[in-house]
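The values are calculated or read from the model by the stated rules, or taken from the named source; none is laboratory data. All values reported here derive from a predicted model rather than from experimental measurement. Neighbour counts run over all protein chains shown; Cβ positions are idealised from the backbone, glycine included.
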Amino acid sequence: MVDTEAENRIEQVDKTFFDDPHEYYRRWRERGPVLRVQFPVGEPVWVVIGYAEGRAALAHARLRKSMAGVAELMRRRNPDASMDSQAIALSSHMLNTDPPEHTRLRKMINKAFTARRVAVLRPRIEQITAELLDAMAEHDEVDLIEAFATPLPVTVICELLGVPFTDRTEFQYWTKVIVSTSGEVDERNRCYAEMASYLTDLVQAKRTDPGDDILSGLAQTREDDDQLTDQELVAMAFLLLIAGHETTVNLIANGTYALLRNESQFEALRKDPSAVPAAVEEFLRFEGPVDWATVRYTEEPVTIGDTEIPAGEFIYVALSAANRDPARYHDPDELDTTGDTSGHLAFGHGIHFCVGAPLARVEAEIAFSALLQRFPDLTLATSSEELTWQPSLLIRGLAALPVNLR
């Protein structure tokens, strides 16, 4: 039976959502797996929180992901709230395109992130990890995000893409502003403009003086007489740079935080490093680095579960909620590094499944194995109540994670 009354029932959300979205999800489940949500700013959107419904929505052929379509729908719904042109250009990457264009762009990048190619990077990732842990060992207390969780994936993605590591402060700042739900629109647009200018110059350098890196390869690669345009390469660089470091930062930090609140599982994992890969999957399920998948929209009525969503609506899949759906996972609000994590949606599902998943898994496995062995007495250096979470619907991550090393 299609629920046509859901459109008239809207859940209100305030700033406390970012402190603990799972509290909201637990309450929303009483309403069902698909509902409308209203934030203090903007119009109501549809949010899918059920596992089965979320998995179906992620692969639904009639849910659109064209960035040009998103901008046009925003304009129609609110003529006074137009998207910045630089934001549209940078965001018009393969994650925000539909077939056949998505198929074409995905084909260009797939070879760069195969499990076999990522495996070749393992010795270098282990070296970077060891160097960061050596530097941490000189202190009794550090912010794990600043000292370890951030520089590891940032160094790896810079080397992989051919981005100067010395520019990390700038692109990390731009990223934080762009993915944040709070903040001034003017500042966000300024960051889009500065990042677009930076990546345009970088792409030109890869065209004229290519190196042994992914962006240079993409700049030179031709597939069936097809080559990425400059704008497509800039948008691809934008996606890979942001997704290639920000998500892994929070996978490492969120997983460490979860372990520090579960001493017995921390100790069990330290004693049995072979269990780390399975534990990483549980960290992804339990508190993954992406809260809501990027936006989709309807061009015609679409039924998700028992709810019919009209044409001209924005839809989000709350990956964090789906991964804690009690209809799919037993006791889902409890961390269990030996439990069933099969089918989790932390990397998405369907044609937009995260292309960097193999790299994120390898980085996380190396990071956790080395961290637990090097600092077996690791503890939180503050109370959980004093920690703050980033105000972002896209990214689920702490602002800082102070830890005692001894």
Specify the residue that is surrounded by the most Cβ atoms within 10 Å (Cβ to Cβ); the eligible residues are those in segment 256-299 that are aliphatic (A, V, I, L, M), assigned to a helix (DSSP H, G or I) and in contact with a Phe, Trp or Tyr (Cβ under 9 Å, 6 or more places away or on another chain). ALA279
Checked segment 38-52 for anything surrounded by 21 or more Cβ atoms within 10 Å (Cβ to Cβ) and either touching an Asp or Glu at 6+ places or on another chain (Cβ under 7 Å) or outside any strand (DSSP E or B) (or both); matches are TRP46, ILE49, GLY50, TYR51
Pairs where the first residue, in segment 272-288, is more than 20 Å from GLY348 (Cβ to Cβ) and the second is of a type in the set (Lys, Arg) and not in a loop (DSSP other than H, G, I, E, B), C-beta under 7 Å, 6+ apart: none
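Among ARG26, ARG77, which is surrounded by fewer than 19 Cβ atoms within 10 Å (Cβ to Cβ), more than 29 Å from ARG285 (Cα to Cα) and out of contact with any Pro (no Cβ under 7 Å at 6 or more places or on another chain)? Don't jump to the end; show me each part of the working.
Values: ARG26 fails: more than 29 Å from ARG285 (Cα to Cα).
Going through ARG26, ARG77 in turn, the sole match is ARG77.
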Considering (1) part of a helix (DSSP H, G or I); (2) within 16 Å of the chain's Cα centre (by Cα); (3) of a type in the set (A, V, I, L, M), say which one LEU345 fails and leave the rest. (1)
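Only one of SER384, SER369 is of a type in the set (S, T, N, Q), crowded, with 20+ Cβ neighbours inside 10 Å and in contact (Cβ under 8 Å) with a residue 24 or more places away in the chain; which?
Numbers: SER384 fails: crowded, with 20+ Cβ neighbours inside 10 Å.
Within the list SER384, SER369, the selection yields SER369.
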Spot the failing condition for LYS176; the list is (1) touching a helix residue (DSSP H, G or I) at 6+ places or on another chain (Cβ under 7 Å); (2) surrounded by fewer than 22 Cβ atoms within 10 Å (Cβ to Cβ); (3) in contact (Cβ under 8 Å) with a residue 12 or more places away in the chain; (4) within 24 Å of ASP291 (Cα to Cα), and only one is missed. (1)
Could you grab the pairs with beta carbons closer than 8 Å, sequence gap of 6+ or different chains, first residue in segment 61-89 and within 18 Å of PRO301 (Cβ to Cβ), second one part of a loop (DSSP other than H, G, I, E, B) and modelled with pLDDT under 90? ARG77/GLU43
Only one of ARG190, ARG207 is without any contact (Cβ under 8 Å) to a residue 12 or more places away in the chain, assigned to a helix (DSSP H, G or I), touching a helix residue (DSSP H, G or I) at 6+ places or on another chain (Cβ under 9 Å) and surrounded by fewer than 24 Cβ atoms within 10 Å (Cβ to Cβ); which? ARG190
